[in-house]
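Engineer: The structure that follows is given in the form of structure tokens.
The values are calculated or read from the model by the stated rules, or taken from the named source; none is laboratory data. Just so we're clear, the structure is a prediction, and the values are computed from it rather than from any experiment. Note that each Cβ is placed from the backbone with ideal geometry, even for glycine, and that neighbours are counted across all protein chains shown.
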Amino acid sequence: MSLLAIPIIAILALFLVLLMSTIFFIRLKQHKEKLALLDAQVQSTLLLINELQLVNDKAQQQVALIKANYEQETFENNQVSKQLELRIKNLTNQVVEQEQRLLQWQENQGQDKFYNRAFKLAAKGADVDEIINECELPRAEVEMLLSVYQQRKRS
């Protein structure tokens, strides 16, 4: 090898080292830029995660509040339902009682007609036997009825 070849090889080697160093630094700069971009994305994602966590916490609080309100309203509705059932039962019992009274009144109405007729006959001056024949009432009841009529007439 010639003496000239060694400096050319050294210059070429130096050139290659410089070229490789330049490429390395360019690549390093590109990676740093990508790393900075990724770091910004990580920071942005962390902020988004924190914001989502706050929204999630608020949503959970609202769900808990809604659940508590629902349970309270369900309890109140059950209480109202029980009260209404009791009122319905009482009203049903009252209706049954009224129906029984109405039936009893209707049954007694027929007998009252006889007594009303007997009072009218007594007012016209009918005697015990006439009232018994017309109203089909027992003698003791007719005698009592005439006695009551005469007491009212005197009062």
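Engineer: So is Ala122 in a helix (DSSP H, G or I), among the small types (Gly, Ala, Ser) and either loosely packed, with under 11 Cβ neighbours inside 10 Å or at pLDDT below 85 (or both) or not?
Structural biologist: no
Engineer: Please enumerate the residues belonging to region 125-140 that are touching a residue at least 12 places away in the same chain (Cβ under 8 Å) and in a helix (DSSP H, G or I).
Structural biologist: Val128, Ile131, Glu134, Cys135, listed by residue number.
Engineer: Can you say whether Val148 is at pLDDT 85 or above and among the β-branched types (Val, Ile, Thr), as far as the supplied structure shows?
Structural biologist: Here the answer is no, as Val148 does not meet what is asked.
Engineer: Hey, can you tell me all the residues within region 32-55 that are under 42 Å from the mean Cα position of the chain (by Cα) and among the polar types (S, T, N, Q)?
Structural biologist: Thr45, Asn50, Gln53
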